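What follows is calculated from the coordinates using simple rules that are stated; it is not laboratory data. Being a predicted model, the structure only gives us computed values, none of them experimental. Because the Cβ atoms are built from the backbone with ideal geometry, glycine has one as well, and the counts that use them run over all protein chains shown.
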Amino acid sequence: MKTPKHIICTVTNDLVYDQRMIRICTALVEMGHQVTLVGREKKSSEALVKRDFEQVRLKVSAERGKWFYFQFYRALKRWLLAQKMDVLYAVDLDTLLACAQVVERRPGLHLIYDAHEYFTEVPELAGRPWVKKVWEQIARYGIPKAGACITVSETLGEVLTQKYAKKFHIIRNVPTLKEENLSPKPNPKIILYQGVLNRGRGIEAAILAMHQIEGARLWLVGMGDLEAELKALTQKEGLTHKVVFKGHVRPEQLAEMTRQSWLGINLLEGDSLNYFYSLANKFFDYMMAGVPSLNMNFPEYRRILSEHPMGLLLSELTPDAVAAQVNYLMQNEADYQKMVKAAAVAREVFNWEVEKKKLEGILG
């Protein structure tokens with residue numbers, strides 16, 4: 001085994017629900033490294049779950065917006081400068097600036113940059129050219145300082161490699177391979193959305209589609225900026241008997257909910273390049289549970305579903321289009337079962353046991 005290293009991984013989110021970083025940090029520990037995961041502490045943060053790696057949460061007064069990013073950057077940089085480490089693992093541009101500046105002051109410190117998304121093209125930056133320019137400058141400053149760069153999909157890797165003239169390795173955000181543990185499927189059928197309740201996720205279309213879908217309930221698992229608005233929409237449309245808001249749940253609870261589901265939805269607006277090039281972890285969570293999914297007709301989903309037809313593609317994000325695809329599956333059980341079988345094959349290809357082997361080579 002190579003010499004053990006002390007690796008500090010940095011994120012701006014809470015640590016309890018970050019499944020990708022939990023998997024990555026656990027894999028690094030399994031390789032013999034000492035690992036610390038640093039994130040944020042919010043007023044609403046739950047108690048940390050004990051892990052095989054150290055977890056640190058930094059507290060700042062602001063919880064969103066530019067003041068949060070500034071305060072967290074300052075707190076993270078100050079904390080990092082007081083630590084001894086061999087590798088800094090920066091997740092997304094919102095931690096890259098502090099990490100790159102620390103690396104600049106410490107010759108020999110190795111920086112890894114992990115782009116979980118196309119950060120400069122997220123919907124929140126649409127119509128905000130000056131804010132977008134600041135993040136782009138951070139990318140141009142920090143990415144060249146990284147000894148290795150990682151991202152989550154082949155398409156995004158190609159885009160970022162070309163844009164920043166830096167090779168981006170692909171480590172997909174896939175779950176651990178588990179024994180098939182099929183749960184009974186409730187009646188009415190469960191259509192599951194898991195993830196943050198933010199704009200651009202197609203949640204409004206999914207809610208309105210329920211007017212045309214019988215024999216099913218839509219479960220929305222997660223929280224976000226749009227939660228109150230989505231609840232108001234559900235109330236206004238008279239759909240409270242069909243749409244259930246589940247809030248935040250822990251990963252093990254979410255896995256059980258996914259196994260109980262009949263269909264998973266992964267809907268996104270194509271106006272955002274971040275979404276257009278995405279490969280959502282929920283896509284693979286549905287696959288691992290043997291649950292067919294409804295996805296947007298975007299490059300990565302086309303690429304994978306052409307080889308592993310475990311779901312359907314949606315060409316337009318409207319309530320009518322969503323309802324039509326769901327009702328098609330309702331009426332075509334044979335096609336549905338073919339997707340279930342395709343997911344069983346795909347889970348042997350897209351799982352964390354395969355992806356984590358790439359980490360050791362990237363660490364060098």
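Could you give the length gained on full extension between Val349 and Arg74, defined as 0.36 nm per residue of separation minus the Cα-Cα distance, in nm? Provide the component values of the computation, followed by the final result.
Numbers: separation 275, 0.36 × 275 = 99.00 nm, distance 4.11 nm.
Result: 94.9 nm gained on full extension.
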Long-range amide H partners of His169 with built H, under 5 Å: Cys149, Ile150, Thr151
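Would you mind classifying the stretch 169-301 by shape? Square roots of the alpha carbon gyration tensor eigenvalues, ordered a ≥ b ≥ c; an a/c under 1.5 is rounded, otherwise it is prolate if a/b is larger than b/c and oblate if not.
Oblate is the answer for the stretch 169-301, as a/c is 1.5 or above yet b/c matches or exceeds a/b.
Roughly how large, in nm² to one decimal, is the mean projection of the convex hull of the alpha-carbon atoms in the chain? Display every interim value, and only then the final one.
Working: hull surface 71.9 nm².
Averaged projected hull area, Cα only: 18.0 nm².
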16 Å Cα-Cα reach of Lys2 towards aspartates and glutamates, excluding residues that sit fewer than 8 places from it in its own chain: Glu30, Asp86, Glu360
Value of [θ]222 nm, deg cm²/dmol, for the chain, DSSP H segments ≥ 4, -39500 (n - 2.57) each, nearest 500: -12500 deg cm²/dmol
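Between their Cα atoms, which of Lys178/Lys341; Lys163/Lys356; Lys42/Lys84 are more than 19 Å away from each other? The partial results should precede the final answer.
On the way: Lys178/Lys341 16 Å; Lys163/Lys356 26 Å; Lys42/Lys84 26 Å.
Checking Cα-Cα distances, Lys163/Lys356; Lys42/Lys84 exceed 19 Å.
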Dipole moment magnitude, nearest 20 debye, the chain about Cα centre, only Lys, Arg, Asp, Glu C-beta charged: 1240
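How much length, in nm to one decimal, is gained on full extension between Arg140 and Ala324, taken as 0.36 nm per residue of separation minus their Cα-Cα distance? Display every interim value, and only then the final one.
Numbers: separation 184, 0.36 × 184 = 66.24 nm, distance 4.40 nm.
Net length gain for the segment: 61.8 nm.
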Where labels lie 7 Å past Cα in the beta-carbon direction, separation of Lys50 and Lys178 in nm: 2.2
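So if each residue of separation counts as 0.36 nm, and I subtract the Cα-Cα distance between Ala165 and Gln212, what length gain in nm does that give?
Full-extension gain reported as 12.1 nm.
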Net charge contributed by nearby residues that have their C-beta within less than 10 Å of Asn351 (K/R +1, D/E -1): +1
